[in-house]
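One structure is given here, and the rest of the page talks about it.
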Amino acid sequence: MSIRKECNHGLFPLLQFVLISPSTQPADPHLIGSDVLMYLYYGGMVLIAQKSFQRAFDVLQMSFTMPVHALHEIMVEIYKKYLLVSLIVHGDVSPLPKYTTPMLQRMLRSCCGPYHDFANQFSKNKAEDVATALAKHRTLFEEESNYGLAHQAYEVIGVFPSSEIGFKV
């Protein structure tokens, strides 16, 4: 509720701690994987709202370390935000952690085409190409509440030297 009302300041201190520790036995037997994913998703959203993009990137990236056998809808939403935050922080789409299952990587890539199109245009480091991709996918980004984040990524185009995003000068 505080995310919807944009009262994130109360949640921000909770995200300064690592609440997830590796264990073979869960601390709470009622805690399931989707609970952890929701914590990471909402944590990433709060950090994005606070403009703590590097920390948001780290929190969102943690979700891909969970062992999965099927694609959860929440993982798709996390991945979309991960792509956009990655563009803001690194100027390119950072690869998923090496221990992310290949199945998950394939499935995420296949269901986020417009986001990959936007990221591919971003990697060309040409503002007009990124603006075209942003306009092309604007309706989808707005429907999925990601337009503001995509626009923030657009605003950092040109901040990264072309050598940082894989181009030779």
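Counting only residues that are part of a helix (DSSP H, G or I) and surrounded by fewer than 20 Cβ atoms within 10 Å (Cβ to Cβ), which one in region 82-100 is modelled with the lowest pLDDT? Can you show your working first?
Of region 82-100, the ones part of a helix (DSSP H, G or I) are 82-90.
Narrowing the set further to residues that are surrounded by fewer than 20 Cβ atoms within 10 Å (Cβ to Cβ) leaves 89-90.
Numbers: VAL89: 96, HIS90: 93.
Restricting to residues being part of a helix (DSSP H, G or I) and surrounded by fewer than 20 Cβ atoms within 10 Å (Cβ to Cβ), the top hit is HIS90.
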Exercise. Is at least one residue of region 33-51 surrounded by 12 or more Cβ atoms within 10 Å (Cβ to Cβ), modelled with pLDDT under 80, closer than 30 Å to PRO102 by Cβ and not polar (S, T, N, Q)?
Worked result: yes
For this session: Quick one: MET103 ticks every box in (1) under 28 Å from ILE157 (Cα atoms); (2) not in a loop (DSSP other than H, G, I, E, B) except a single one, so which number is it?
Result: (1)
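In a helix (DSSP H, G or I), farther than 26 Å from THR139 by Cβ and at pLDDT 90 or above: is that true of GLN61 in this structure? Explain how you work it out, then say what you get.
Working: in a helix (DSSP H, G or I): yes; farther than 26 Å from THR139 by Cβ: yes; at pLDDT 90 or above: yes.
When the stated conditions are applied, GLN61 passes them.
For TYR79, state whether it is touching a Lys or Arg at 6+ places or on another chain (Cβ under 6 Å), at pLDDT 95 or above and surrounded by 17 or more Cβ atoms within 10 Å (Cβ to Cβ). Talk me through it step by step, then tell me what you get.
Values: touching a Lys or Arg at 6+ places or on another chain (Cβ under 6 Å): no; at pLDDT 95 or above: yes; surrounded by 17 or more Cβ atoms within 10 Å (Cβ to Cβ): yes.
So TYR79 fails the test.
The values are calculated or read from the model by the stated rules, or taken from the named source; none is laboratory data. This is a predicted model, so every value here is computed, not measured. Cβ sites come from the backbone with ideal geometry, for glycine too, and all protein chains shown count toward neighbours.
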